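**Q** To start, I am sharing the structure in question, which I have written as structure tokens.
Please treat every number below as a calculation from the coordinates, not as lab data. All figures in this text were calculated on a predicted structure; none of them were measured in a lab. Here Cβ is always computed from backbone atoms with ideal geometry, including for glycine, and neighbour counts include all displayed protein chains.
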Amino acid sequence: MSLLELRGLSVRFDTPAGSVRAASDVSLVLEEHDTLAIVGETGCGKSVIANAILRLLPENASVTGSVIYRGMDLLKMSEREISRIRGREIAIVFQNPSAALNPVHRILDQVSEPLLIHLGIPKRRAVHEAEGLLRALGLNGAGRLYPFQLSGGMNQRAMIACSSILRPKILMADEPTKGLDQSMVKNALELIESVRSESGASLIMITHDLDVALSSSDRIAVMYCGEIVEMGRTEDVLCNPDHPYTKALRESMPDRGFRPIPGNTPSMIDPPEGCRFHPRCPFKMKICSRERPSLNNSCGRYVRCWRCI
Amino acid sequence: MNLARYVISLFVILSLNFAIPRAMPGDTMTNLLGEDVILSDDLVQEIRREMGLDLPLREQYIIYWKEILRMNLGYSYHFHSPVLPLVLERMKWTLLLAAPPVIIGALLGTLLGALAGWRDSPSTRLQTFIFLTIYSTPPYFLALLSLYIFGFHLGWVPMKGFYSTGSAGNIIHHIMLPVILMSLFSASRNYMIMRGSVIQERRSLYALYARAKGLYDSQILFRHLFRNAILPIITLIALDFGFIFSGALFIEMVFSMHGMGNLIYSALMYRDYPVLQGSFLIITIMVITANMIADALYGLLDPRVRGR
């Protein structure tokens with residue numbers, strides 16, 4: 001049994017402008033100690049997946065499919081049951097740590113909170129444990145301070161401490177490097193990796209940065225317009241992409257010619273018929289605009305393209 | 001630094017307190033003596049001089065400050081009593097009438113408002129409707145209406161104020177209806193503000209993160225949102241304490257109670273400067289004290305305000 005398996009996960013947001021299909025038919029498997037990156041441009045639905053797994057989406061979202069964690073379907077659980085999974089079994093790190101931490105509580109109280117909530121251990125012991133973790137993460141003495149007194153990087157450390165203090169089985173990081181400068185990106189990734197390997201957790205790294213994906217994951221899922229278009233071993237996929245979108249993404253990187261992908265991201269309310277990438281695809285065929293390709297598996301490499309069948 | 005600000009405010013307000021009654025139209029002497037009393041001009045001048053009203057304003061102002069520092073608020077010719085004991089006596093009743101509603105209203109309003117903002121259900125919607133109706137009805141109208149129903153028709157409460165002052169039970173019997181009414185008013189306002197505040201905070205990222213950490217439902221509200229959402233209420237409650245004395249005016253009039261509101265009203269009618277000034281002085285001190293307490297509370301609840 002896999003640790004986590006998404007089967008045909010689809011997310012739709014009902015908005016006054018129409019229904020936004022943020023994720024369509026996403027299926028993937030995460031094994032223990034696995035590191036998986038989900039990449040794609042802004043709005044492709046990668047963060048939606050992470051939030052759908054923990055059922056953190058707003059009320060106007062309707063989620064179908066299933067999210068199987070150790071044989072249990074998280075989507076079918078009661079709110080009470082899923083709240084016992086959140087933070088303890090599956091934890092998430094958000095991209096904006098300074099806004100994700102409560103402005104009026106001390107860092108130490110926030111980091112120790114999961115211990116109180118999930119384990120019900122005495123406050124003093126929880127605080128003691130949180131102090132130890134903060135020290136280990138290089139935040140000695142910051143526990144008595146409030147989020148507004150710390151830098152963004154320190155807040156991120158605090159949030160990582162907070163999300164990992166219960167040694168969850170799965171750690172999800174939602175764009176943890178967004179808005180950080182290069183040296184900070186390296187620090188953040190090292191921190192996440194050390195926390196992950198120390199607790200033996202699996203990692204889902206959500207990022208738009210291919211270099212981050214390359215350095216932090218064994219496997220990668222490339223998303224476009226709510227769909228997984230290519231999935232496989234990170235190095236294989238990024239060094240030798242099969243899907244035209246992955247190729248185009250690769251070529252838009254500064255070290256690969258900086259060539260932008262022609263056209264615009266399609267509307268998620270009314271996505272293109274057939275293959276969703278076909279209006280921008282340099283290799284399109286007739287069938288591409290008519291029929292939607294499925295995600296085909298060849299030797300562990302999944303590609304959603306008519307050319308790769 | 002803060003203290004200096006309060007001292008300066010006190011000084012400015014007390015100076016205004018001196019100026020405003022003197023800027024009002026109408027002659028003090030005429031009011032004091034009554035319209036039909038005819039005195040010779042000499043006698044009027046004599047009295048004027050005795051009371052210091054012939055002095056230039058600058059000197060009156062200096063005397064005003066001297067007397068304030070001596071805790072002497074003057075003598076009321078209308079009530080035939082020194083002002084300070086008069087005001088203190090009335091204040092007692094107003095405090096008894098108006099302080100419980102501020103506290104009950106704060107507790108009830110913030111708690112129910114927080115729950116209503118947290119979850120939308122038919123019962124909270126009904127609650128919001130009821131509080132909104134109370135909030136938008138003029139207090140004196142609701143006071144009259146309830147007096148008519150509970151006092152006149154049902155006879156549950158007395159029609160008139162504290163005249164039969166006596167045992168504690170008797171006093172409670174008298175102030176029950178006005179206290180309930182004012183509590184509901186204060187609660188309805190706090191309810192609306194708190195509800196809006198919680199709705200806003202509910203959408204914040206830290207609330208989502210609290211959920212992601214595994215907090216269950218109202219744990220998020222009480223452990224994370226409440227303290228952030230209550231900040232705007234603190235200012236309002238501080239203002240409430242300032243307005244207790246003047247704000248109870250309508251209620252005191254309707255229920256014929258002899259409190260500060262009634263006192264200020266009669267002082268206004270008779271241009272009784274000393275009583276007006278004395279009352280305003282008390283209100284000023286109350287407002288500034290309440291603000292000081294609010295500032296301290298803010299600092300306690302919100303670390304970002306602390307030490308600034």
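**Q** For the protein assembly as shown, list log₁₀ I(q)/I(0) at each q in 0.06, 0.09 Å⁻¹, using the Debye formula over Cα point scatterers of equal strength and ignoring solvent, two decimals each.
**A** Per q value, in the given order, log10 I(q)/I(0) is -0.52, -0.84.
**Q** Most exposed first by the Cβ proxy, i.e. fewest other Cβ within 10 Å, how do A:T234, B:T124, A:T42 rank?
**A** Lowest count first: A:T42, B:T124, A:T234.
**Q** Order of B:286-298, B:145-157, A:167-179, B:198-210 by packing, highest average Cβ count within 10 Å first?
**A** A:167-179, B:198-210, B:286-298, B:145-157
**Q** Do any trypsin sites (Lys or Arg not before Pro) in the stretch A:1-81 lie in a DSSP loop with no more than 14 other beta carbon atoms within 10 Å, and if so, which?
**A** Answer by residue number: A:R70.
**Q** I need A:V11, B:V83 ordered by Cβ neighbour count within 10 Å, fewest first.
**A** A:V11, B:V83
**Q** Mind checking the mean number of beta-carbon atoms from other chains within 10 Å of the Cβ atoms in B:297-305?
**A** Counting other chains' Cβ atoms within 10 Å and averaging over B:297-305 gives 2.
**Q** Label B:L53 and B:S81 with points 7 Å out from Cα along Cα→Cβ: what is the distance between them in nm?
**A** Label at B:L53, label at B:S81, 2.3 nm between them.
**Q** So if a site counts as exposed when it's one of the chymotrypsin sites (Phe, Trp or Tyr not before Pro), its DSSP state isn't H, G, I, E or B, and it has at most 16 other Cβ atoms within 10 Å, what's the longest stretch of chain A without one?
**A** A:1-257
**Q** Using just the Cα positions, wrap the stretch B:92-268 in a convex hull and report its mean projected area in square nanometres, one decimal place.
**A** Average of the hull's projected areas for the stretch B:92-268 equals 11.7 nm².
**Q** Rg/Rh for chain B to two decimals, with Rh computed the Kirkwood way over all alpha-carbon pairs.
**A** 1.07
**Q** Give me the number: length gained by fully extending B:I171 to B:R5, i.e. 0.36 nm times residue separation minus the C-alpha to C-alpha distance, one decimal in nm.
**A** Extending this stretch completely gives an extra 55.8 nm.
**Q** Can you give the relative contact order of the stretch B:92-268 as a percent, counting alpha carbon pairs under 8 Å and 6+ residues apart?
**A** 38 percent.
**Q** Another question about this same structure. Per 10 Å bin from zero, what fraction in whole % of the C-alpha pairs of chain A is there, up to the bin with the longest pair?
**A** Final binned percentages: 6, 26, 33, 23, 9, 2, 0.
**Q** Arrange the following residues from fewest to most other Cβ atoms within 10 Å of their Cβ: A:H243, A:H278.
**A** So the residues, fewest neighbours to most, are A:H278, A:H243.
**Q** Which whole-number percent gives the relative contact order of the stretch A:182-309, counting Cα pairs below 8 Å spaced six or more residues apart?
**A** Result for the stretch A:182-309 is 19 percent.
**Q** Could you let me know the centre-to-centre spacing of the stretch A:200-237 and the stretch A:1-63, using Cα atoms, in angstrom?
**A** About 14 Å separates the Cα centre of the stretch A:200-237 from the one of the stretch A:1-63.
**Q** Which of the helices in chain A, when you take each full DSSP H run, stretch at least 24 Å along the axis at their Cα atoms and have an average Kyte-Doolittle score of 1.0 or higher?
**A** Within chain A not a single helix satisfies the rule.
**Q** What is the sum of charges around A:I206, taking Lys and Arg as +1, Asp and Glu as -1, for the other residues whose C-beta is under 9 Å from the C-beta of A:I206?
**A** For residues surrounding A:I206, the net value is -1.
**Q** Here is a follow-up. Longer than 24 Å from Cα to Cα, which of A:K46/A:K76; A:K76/A:K178; A:K123/A:K186; A:K46/A:K186; A:K178/A:K284; A:K76/A:K123 are they? Say none if no pair is.
**A** Table pairs above 24 Å Cα-Cα are A:K76/A:K178; A:K123/A:K186; A:K178/A:K284; A:K76/A:K123.
**Q** How many angstrom separate the Cα center of the stretch A:249-286 from the Cα center of the stretch B:109-139?
**A** What the calculation gives is 51 Å, centre to centre.
**Q** What are the membrane-span-like helices in chain B by this rule: whole DSSP H runs, Cα extent along the axis at least 20 Å, mean Kyte-Doolittle hydropathy at least -1.0?
**A** Those that pass (Cα extent of 20 Å or more, hydropathy at least -1.0) are B:2-23, B:83-118, B:122-136, B:168-202, B:231-247, B:273-301.
**Q** A further question follows. If contacts are Cα pairs under 8 angstrom and at least 6 residues apart, what is the relative contact order of the stretch A:242-309 in percent?
**A** Reported as a whole number, the value is 27 percent.
**Q** May I pose another question? Where does the charge balance sit around B:D54 when Lys and Arg score +1, Asp and Glu -1, over other residues with C-beta under 12 Å from its C-beta?
**A** -1
**Q** Tell me which residues come under 5 Å, amide H to amide H, from A:Y224 once H is placed; ignore anything under 5 positions away on its chain.
**A** A:V229
**Q** Rounded to whole Hz and in sequence order, give me ³J(HN,Hα) for the stretch B:70-79 from the Karplus expression 6.51 cos²θ - 1.76 cosθ + 1.60, θ = phi - 60°, writing x for Gly and Pro.
**A** Result, rounded to whole Hz: 8, 6, 9, 9, x, 10, 8, 6, 6, 8.
**Q** Can you tell me which aspartates and glutamates have their Cα less than 15 Å from the Cα of B:K213? Leave out same-chain residues fewer than eight positions away.
**A** A:E79, A:E81, A:E89, A:D109, A:E113, A:D174
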